[in-house]
Structure formats: structure tokens, C-alpha cells
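Enquirer: Handing you a structure now.
Derivation of every value follows stated rules applied to the coordinates shown; laboratory data play no part. These figures come from a predicted structure and were not determined experimentally. Heads up, the Cβs are rebuilt from the backbone with ideal geometry, glycines too, and the neighbour counts pull from every protein chain shown.
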């Protein structure tokens, strides 16, 4: 059930996610990656990060081309990120070590703290040490058509009290980047409605495979 708070008039009011406007952390990025994307017809939309820790939710995820565009965009932006990926991918010769090198983190669902709990602890450790830690998640969890988003990205951002960046891959306009950053309210319905409003215009490589922007039941 959506959480509510009391308004000054005494009536229940829906909480709303708040925009995080400041972008104090700026990055130079790779000129070569930017040239490659421009040559391919793509434009990068990115103007910095609001802090040293956070979560980036990427939408839509509909094809293997997303990974190629996403890696080039990461290099073009110049940001160091961690990416949740299937544990089996890290066992693939050559590709597995390369995936770890670019920031891949194996999804270990057997951890006693759980996948989300482990990442929340890492976020706290990074904050204590004043280290960079941005987690990139494709909440759809699959390139195939699905019923909605997995909630891990939301739980990590909320429990860690870090900004949620709304990243997109728009094959229609050939734009890749970060639309905006939100501080989640904890009101799942209101937060997801705002995320959907901002990210739903993005068109995937295979539009029919894009999942609706809502958490799975």
C-alpha cells in the first residue's frame, strides 16, 4: 500500500520523490568513445553526478545492442560504475574477466544478507570511506517482454538514502544518457509513477520487448 503523510490541513497527502538538481561531480570522459557514438549517430546526454554514491536505473532493456551502446556511453561519460550481471556470465572465457574489469558484479542470491542487503552495506562502506560507488541496474531483468520491473534497484536506493538516476537508451532518437536524479520518497506508487512519466518516452531497439514501468507483484 502506498505510504502517506499528513498535510498541514490534516488530510492524508501522497508523498512525492524530490528532484536532485545539483551536479557537483563532473567528469571528462573519453573523447574517442564520444566520437564513436557520434559516428554511429548517437548523442550522449549527461551533465554530472549529484554525489559519490547512487543507483542508475536503465530503461528500456530490449536487445544485446543495449550493452554495446551502454558501455560506450559509460566511457564517454567517464564515470566508474558497478553493474549487476548474471553470475554465469563471469564464467565465460575472456568475456567474464572483461565484464569484471568494466565493473560487473555477479548476482549472488545465496548471500546470507541477500543481494540488496549486500549492496546496501557496500553503499554504506563507500560513504564512510568517501569512495565512489554507483550501481547500474536494468530493472526489467531481461531483454524479453516482461510484466514489470524487479524491485532491487528501488530497495537499494531507498535503504541507502542515495539518489536514483533515471538513465535511458532511446533508439528512436539515438540518445543515451541520464534524464534526471530523484530522491525517493518511500511511497512506491508515487515514486514509480514519476519514474514512468520521465522514462516512458524512451524507445528501445525492440519496442515490443519493453516492460511496463511498474514493480512486479
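Enquirer: If I take every Cα pair under 8 Å that is 6 or more residues apart in the chain, average their sequence separation and divide by the length, what percent do I get for the relative contact order? Before the final figure, lay out the partial values.
Expert: On the way: 423 pairs, mean separation 66.9, N = 217.
That works out to 31 percent.
Enquirer: Only bridges whose two residues both fall in region 17-209 count here: according to DSSP, what percent of them are antiparallel, nearest 5?
Expert: Antiparallel: roughly 35 percent of the beta bridges in region 17-209.
Enquirer: Which whole-number value in Å³ per residue fits the convex hull of the alpha carbons of region 132-193?
Expert: Values: hull volume 7.0 nm³, N = 62.
Cα convex hull per residue, to the nearest whole number: 113 Å³.
Enquirer: Can I ask one more? Using every pair of alpha-carbon atoms in region 26-110, split the distances into 10 Å bins beginning at 0 and state the percent of pairs per bin, rounded to integers.
Expert: 15, 45, 34, 6, 0
Enquirer: Using only the Cα atoms of region 177-217, construct the convex hull and provide its projected area averaged over every direction, in square nanometres to one decimal. Numbers along the way, then the final one.
Expert: On the way: hull surface 14.4 nm².
Computed as one quarter of the Cα hull surface, the answer is 3.6 nm².
Enquirer: Same structure, new question: Neighbour counts of other C-beta atoms within 10 Å: give me 22, 140 arranged from fewest to most. All intermediate terms of the calculation are to be shown ahead of the outcome.
Expert: Working: 22 10, 140 26.
Going from sparsest to densest Cβ surroundings: 22, 140.
Enquirer: Among 31, 85, 138, which one moves the most in a GNM of the chain with springs linking Cα atoms closer than 10 Å?
Expert: Ranking 31, 85, 138 by mean-square fluctuation puts 31 first.
Enquirer: Now, a different point. Give me the mean projected area, in nm² to one decimal, of the convex hull enclosing the Cα positions of the chain. Intermediate values should be presented prior to the final figure.
Expert: Numbers: hull surface 54.0 nm².
With every direction weighted equally, the projected area is 13.5 nm².
Enquirer: Also, I was wondering about something else. Mean residue ellipticity at 222 nm from the helices of the chain, using -39,500 (n - 2.57) per DSSP H segment of n ≥ 4 over the full residue count, to the nearest 500 deg cm²/dmol? Please list the in-between numbers first.
Expert: Values: 6 runs with 66 residues, N = 217.
Mean residue ellipticity, 222 nm, calculated: -9000 deg cm²/dmol.
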